[in-house]
Number of protein chains: 2
Amino acid sequence: MGEERSTGLQTLGKVGVVGLGLIGGSLALDLRQQGVPVTGLVHRDSTATRAMQRGLVDEVSCHPSCLNDCNTVILALPIEALLKPDPQLVEALPANAVVTDVGSVKGAVLEVWRHRHPRFVAAHPMAGTDQSGVDSGHHGLFQGRPWVATPEPSTDPQALARVKVLAEGLGSEWITADAACHDQAVALVSHLPVMVSAALLRAAGDERDPRVQDLARRLASSGFADTTRVGGGNPALGTAMACRNTSALLKALAAYRWSLEQLEEAILSGHWAQLENELQKISALRPGFVEKGPGALSPPG
Amino acid sequence: MGEERSTGLQTLGKVGVVGLGLIGGSLALDLRQQGVPVTGLVHRDSTATRAMQRGLVDEVSCHPSCLNDCNTVILALPIEALLKPDPQLVEALPANAVVTDVGSVKGAVLEVWRHRHPRFVAAHPMAGTDQSGVDSGHHGLFQGRPWVATPEPSTDPQALARVKVLAEGLGSEWITADAACHDQAVALVSHLPVMVSAALLRAAGDERDPRVQDLARRLASSGFADTTRVGGGNPALGTAMACRNTSALLKALAAYRWSLEQLEEAILSGHWAQLENELQKISALRPGFVEKGPGALSPPG
C-alpha cells in the first residue's frame with residue numbers, strides 16, 4: 001500500500017473519511033491504493049480496530065480532533081447522521097479543508113450543511129450494494145458509476161474541482177446538477193421503484209383466499225422476483241429516503257398513480273388496441289434508461 | 001433420436017403438437033428425445049420445412065387431418081388462436097384422443113373448449129422465455145417448472161392422468177387447481193407485475209423537466225432495470241393477458257392500488273415508524289414467493 005502514483009488524487013492532500021461502512025470503507029481502500037494518506041473517524045473502538053485490521057486506513061480514531069490536519073474530508077455517514085451532525089464533528093472540520101458528503105438526497109443535506117462549512121460540496125456517488133458495516137467496503141466500488149455533485153452559486157469552485165478530482169480518480173463519471181433536479185431524478189428511478197415494488201409484494205401477500213395465496217407463491221417466477229426485489233430491500237433505508245426526499249417522492253408517486261390509471265382505464269374499458277399501443281410506447285422507453293454506453297454505469301450485480 | 005426408454009411417456013401414444021413455437025417446439029423436442037412419435041401441425045409451409053430441418057417432429061403438415069391417428073394432442077397455440085379455434089382443427093381432433101392446451105389463462109379456455117372435445121384437459125405449463133417462433137424451441141424448457149392443470153368435475157380422469165404423465169415425464173412439477181384460483185394467482189404474480197412495471201417506466205418517461213429526464217436516464221441503475229423489466233416486455237402478450245384475464249387482473253389492480261395508497265398515506269402524513277414497520281413486514285413476505293426448494297421452479301434467466 002501507499003506507493004505514490006502520479007494521479008490527480010495527490011491534490012486531495014490528507015483525506016479524512018468519516019464513517020467506514022460500505023461507502024466510506026470503499027473510498028478509503030481505493031484512496032490508499034493510490035497512495036493517498038487516509039485517516040478514519042468512527043464511533044466505536046471495535047470498528048476502529050477492525051478498520052486497521054482490514055487496512056482500510058492509515059490511522060483511525062474515535063475523536064473528531066483526528067480531522068484537524070486533513071485537507072479533504074468525506075462525510076460517509078448515513079443520511080440521518082448527516083442531517084443531524086454531531087456538533088463536535090462540525091467543530092473539528094478545518095475551515096480551509098474541502099468537505100463533501102455521499103448522501104443520496106441533496107436538498108436536505110444542503111439545507112443543513114451550506115451554512116456549516118465554507119467549503120462544503122454536496123455530492124452523491126451512486127454506488128452501493130445491500131451490504132453495510134466495516135467489513136463491507138471493497139475496491140472498485142465507484143468504477144464506472146455516476147458521481148453527482150450539486151453545487152450552488154455559493155459553492156467554492158476550487159472545492160468543487162477537488163471533489164471532481166476525487167470522483168474521477170476513483171473511476172466515476174462526474175455529473176453536476178441542480179440539487180432539486182437530482183432529488184427528483186433519484187425519486188423517479190430509485191425511491192419510487194422501492195414503493196412500487198413493495199406495494200406489489202404486499203398486494204400478493206394480502207390475497208385472502210388461501211388456495212390463491214398458496215398457488216401464487218408456487219407460481220411466482222423470475223418476473224415477480226425481479227419486480228419485487230427493491231421493495232423487499234432494507235426497510236430503514238427505504239424509510240430514510242422517503243423521509244428525506246418526501247416532496248420529490250410524493251410528486252413521483254402522483255405521476256405513477258396517473259400512469260397506472262391510464263393502463264387500468266384501458267383494461268376496464270376493453271380498449272385493447274389502445275392498451276397495446278400504450279405498452280408498445282412504454283417498452284420503447286426502456287433502453288433510454290437501462291442501456292448505457294460501454295463500461296459506463298452498469299452495476300456489477 | 002427416438003430410441004425408446006421405459007418412461008411413462010409411452011402411454012401418450014402418438015402425439016400431435018399444434019403449433020411449433022417456443023412451447024410447442026420445446027415439447028416436441030423433449031418428447032422425441034424420449035422416443036415418443038410426434039406429428040406437428042403448423043400454418044405455413046416454410047414453418048413445416050424448418051421444423052423438419054430442426055428435427056422438432058417426425059412428421060409435419062399444414063392439414064389438420066394429420067391429427068387423425070394421434071392419441072394425444074397438445075394445442076400449443078397463442079391464447080387468441082386457442083380461444084377462436086379453427087373449425088377444421090376442432091373437426092380433425094379424434095374423439096377418443098386426449099386433448100390439452102398450454103394457455104396461460106384457464107377460465108376463458110375452458111369456456112371455449114369444455115364443450116368442443118369430450119377429453120379436453122385445460123393446462124398451463126409455466127415455462128417461457130421472451131423468444132418465439134419455430135427456431136426458439138429447445139430441450140429442457142419444462143424441467144423443474146410448474147405445470148398446472150385445472151380439471152372440472154366433468155373432466156375425464158383418465159385424460160387428466162395422461163396429461164400428468166406428460167408433465168412429469170418432461171420434468172415438471174404437477175399441480176392441479178381450480179381454474180378461477182389459477183387465473184387469480186397468475187393475475188397476481190404474472191399479469192399485475194407487467195402493469196405495475198410498465199406504469200413505472202411510463203411515469204419516469206413522462207417527466208417533463210428535460211434536466212430531470214436526462215439525469216433520471218443517466219442515474220437509472222439495477223433497481224430501476226429490474227423493476228421495469230417485465231413492463232418493457234412484449235406488448236402483444238401483455239395485452240392478450242389483460243384481455244383474457246380481465247376480471248382477475250382488475251381485482252389484482254384494485255388490491256395493488258390499495259396497497260400503494262397505504263404506503264403513500266404514511267409518507268404524506270410523515271408516519272415514518274409506521275412506514276418502516278410496513279416495509280419490514282413486506283420484506284418478510286418475499287422469501288415465501290421467491291425462494292423455492294432446491295431444483296424446483298427456479299427459471300434459468
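The values are calculated or read from the model by the stated rules, or taken from the named source; none is laboratory data. As the structure is a computational prediction, the values presented were derived from the model and not from experiment. Positions of Cβ are generated from backbone atoms using ideal geometry, with glycine treated the same way; all protein chains shown enter the neighbour counts.
For the range B:135-145, does any single residue satisfy the condition of being of a type outside the set (Val, Ile, Thr) and within 12 Å of another protein chain (Cβ to nearest Cβ)?
Yes, some residue in the range B:135-145 is of a type outside the set (Val, Ile, Thr) and within 12 Å of another protein chain (Cβ to nearest Cβ).
Residues that are charged (D, E, K, R) and under 33 Å from the mean Cα position of the chain (by Cα) within the range A:265-284 comprise A:GLU278, A:LYS281, listed in sequence order. Of the residues making up the range A:222-241, those that are in contact with a helix residue (DSSP H, G or I) (Cβ under 6 Å, 6 or more places away or on another chain) and outside any helix (DSSP H, G or I) number 1. Pairs meeting the criteria (first residue in the range A:252-264 and closer than 13 Å to B:LEU260 by Cβ, second residue among the basic types (Lys, Arg), beta carbons under 7 Å, at least 6 apart or on different chains) are A:SER259/B:ARG202. Of a type outside the set (A, V, I, L, M) and either more than 7 Å from chain B (Cβ to nearest Cβ) or on the phi > 0 side of the Ramachandran plot (or both), is that true of A:GLY205? Taking the combined requirement at face value, the residue does not satisfy it. Could you tell me whether the range A:107-116 includes any residue that is assigned by TED's automatic domain parsing to the domain that holds A:ALA51, β-branched (Val, Ile, Thr) and buried (at least 21 other Cβ atoms within 10 Å of the Cβ)? For the range A:107-116, residues assigned by TED's automatic domain parsing to the domain that holds A:ALA51, β-branched (Val, Ile, Thr) and buried (at least 21 other Cβ atoms within 10 Å of the Cβ): present.
Go over the candidates A:GLY103, A:GLY35 one by one and state the one that is under 21 Å from A:GLU168 (Cα atoms), in contact with a His (Cβ under 7 Å, 6 or more places away or on another chain) and in a loop (DSSP other than H, G, I, E, B). Spell out the reasoning first.
Working: A:GLY35 fails: in contact with a His (Cβ under 7 Å, 6 or more places away or on another chain).
Step by step, each of A:GLY103, A:GLY35 is checked, and only A:GLY103 is under 21 Å from A:GLU168 (Cα atoms), in contact with a His (Cβ under 7 Å, 6 or more places away or on another chain) and in a loop (DSSP other than H, G, I, E, B).
Here B:ALA48 fulfils each of the conditions (1) part of a helix (DSSP H, G or I); (2) in contact with a helix residue (DSSP H, G or I) (Cβ under 6 Å, 6 or more places away or on another chain) apart from (2).
Okay, residues lined up against (1) assigned to a helix (DSSP H, G or I); (2) in contact with a helix residue (DSSP H, G or I) (Cβ under 7 Å, 6 or more places away or on another chain); (3) under 22 Å from B:GLY232 (Cβ atoms); (4) modelled with pLDDT of 95 or more:
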| site | (1), (2), (3), (4) |
| --- | --- |
| A:LEU192 | yes, yes, yes, yes |
| A:ARG208 | no, no, no, yes |
| A:CYS243 | yes, yes, no, yes |
| A:SER247 | yes, no, no, yes |
| A:LEU250 | yes, yes, no, yes |
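Here's the yes/no breakdown for (1) assigned to a helix (DSSP H, G or I); (2) more than 20 Å from B:THR176 (Cα to Cα); (3) of a type in the set (A, V, I, L, M, F, W, C); (4) touching a helix residue (DSSP H, G or I) at 6+ places or on another chain (Cβ under 6 Å):
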{"residue": "B:MET52", "(1), (2), (3), (4)": "yes, yes, yes, no"}
{"residue": "B:LEU89", "(1), (2), (3), (4)": "yes, yes, yes, yes"}
{"residue": "B:ALA95", "(1), (2), (3), (4)": "no, yes, yes, no"}
{"residue": "B:GLU111", "(1), (2), (3), (4)": "yes, no, no, no"}
{"residue": "B:ASP135", "(1), (2), (3), (4)": "no, yes, no, no"}
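Residue count for the range A:210-249 satisfying the condition of being at the interface with chain B (Cβ under 7 Å from one of its Cβ atoms) and over 15 Å from A:SER190 (Cβ atoms): 19.
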